[in-house]
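Presented below is the structure to which this report refers.
The values are calculated or read from the model by the stated rules, or taken from the named source; none is laboratory data. Every value quoted in this text rests on a predicted model; they were computed, and no experiment measured them. Cβ placement follows ideal geometry from the backbone for every residue including glycine, while neighbour counts extend to all protein chains displayed. Just the protein is used for accessible areas: all its heavy atoms, side chains included, with ligands, DNA and RNA removed. Shrake-Rupley method; radii C 1.70, N 1.55, O 1.52, S 1.80 Å.
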Amino acid sequence: MIAAIFSFLVMLNPFALFLYLKPVMKDLPDADFRGVFLKASLISFSIFLVFLLFGDIVFQKVFRINFESFRIFGGIVLFSFAYIFIVQGKKAFIQIKGDLHDLASEIALPFMVGAGTISLTILMSEQLVLWQGVLSLFLIMLINFIIIMGLKQIRSSMRSKNVQLAFDKNMELLLRINGFFLGAIGVDMVVTGINNLFTAAR
C-alpha cells in the first residue's frame with residue numbers, strides 16, 4: 001500500500017504541478033486558488049475511484065481493448081513526459097488559461113489524470129483490497145494538496161525576488177530528478193505490458 005502511494009505520487013509529481021500552476025496562483029486570490037485546486041482534486045479522485053472500482057472492465061467491456069495495450073501506451077507517454085522534464089525543464093511548462101468555473105477540470109485533465117495515473121489506479125485495483133485502494137487514493141490526493149498549498153505558502157512568504165527565483169530553480173531541479181523516476185516507471189510499464197501480451201499469446 002505504501003509502495004503504491006509512493007509510486008502514484010511520483011507519477012502525479014506535485015513539484016511539476018506546482019510549477020505548472022504558478023501562472024494560475026499569480027492570477028487568482030489565495031481563497032479562489034485553494035477552492036479551484038480542491039475541486040480539481042475532487043474531480044481527479046472521482047475519476048480514479050471509477051477505475052479503481054471497475055478495474056480493466058472499462059477497457060474490456062466498454063472500449064473492447066486490452067489493458068496491456070493501454071499500459072504500454074501509458075508507459076510511452078510517461079517516458080515522453082520524463083524526457084521533456086529532464087531535457088527541456090522549464091521550457092515544458094504550460095500556462096493554463098480559462099474561466100474560473102472551467103479551471104478545475106482543466107487542472108484535473110490532463111495535469112492530474114492521465115494515462116499513467118489511470119494505469120496505476122487499475123493496478124491498485126488488482127493488488128489491493130477495495131478499502132486499501134480507496135484509502136490510498138484519498139491519502140494521495142490529500143498529500144498532493146498539502147504539498148502544493150505548502151509550497152505556495154512557502155513561496156508567498158518570500159519577499160525577495162532573488163529568493164523566489166532561487167526557490168523556483170530548486171523546484172525545477174526536483175522536477176528534473178523526478179523525471180528520472182518517472183521515466184523508469186514508464187519503461188517498466190512498457191516492458192511489463194509487452195511481457196504480459198507475449199505470455200497471454202502463448
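Give the relative contact order (percent, whole number) for the chain; include only Cα pairs under 8 Å separated by 6+ residues.
The value is 44 percent.
Of the options Ile148, Phe73, Val191, report the single residue whose Cα projects farthest towards the positive end of the charge dipole of the chain (beta-carbon charges: Lys, Arg +1; Asp, Glu -1).
Ile148
Given 0.36 nm per residue, what is the gain on full extension from Asp27 to Gln60 after removing their alpha carbon distance, in nm? Write down the numbers at each step before the final one.
On the way: separation 33, 0.36 × 33 = 11.88 nm, distance 4.28 nm.
Separation in residues times 0.36 nm, less the Cα-Cα distance, equals 7.6 nm.
Positive end of the dipole of the chain, charges at C-beta (+1 Lys, Arg; -1 Asp, Glu), about the Cα centre: which of Leu12, Ile43, Ile57 has its Cα farthest in that direction?
So the residue we want is Leu12.
Using a 1.4 Å probe on the protein heavy atoms, what percent of the accessible area of the chain belongs to carbon and sulfur?
Working: 7340 of 11020 Å².
C and S fraction of accessible area: 67 percent.
Assign unit charges at the C-beta atoms only (+1 for Lys and Arg, -1 for Asp and Glu), then state the dipole size of the stretch 1-201 relative to its Cα centre in Debye, rounded to the nearest 20.
580 debye
Output the 0 to 90 degree angle, nearest 10, between the alpha-carbon long axis of helix 115-127 and the longest principal axis computed from the alpha carbons of the chain.
50 degrees
Suppose the chain between Asn196 and Leu165 were pulled fully straight at 0.36 nm per residue; how much longer would it get relative to their current alpha carbon spacing? It would help to have the intermediate numbers written out before the result.
Values: separation 31, 0.36 × 31 = 11.16 nm, distance 4.60 nm.
6.6 nm is the gain from fully extending Asn196 to Leu165.
Which entry is the computed Cα Rg over 2.2 N^0.38 Å for this structure: (1) 1.01; (2) 1.06; (3) 1.12?
Calculated Cα Rg over 2.2 N^0.38 Å: the matching label is (2).
Excluding same-chain residues fewer than 8 positions from Lys39, which aspartates and glutamates have a Cα within less than 17 Å of its Cα?
Cα-Cα hits under 17 Å: Asp30, Asp99, Asp102, Glu106.
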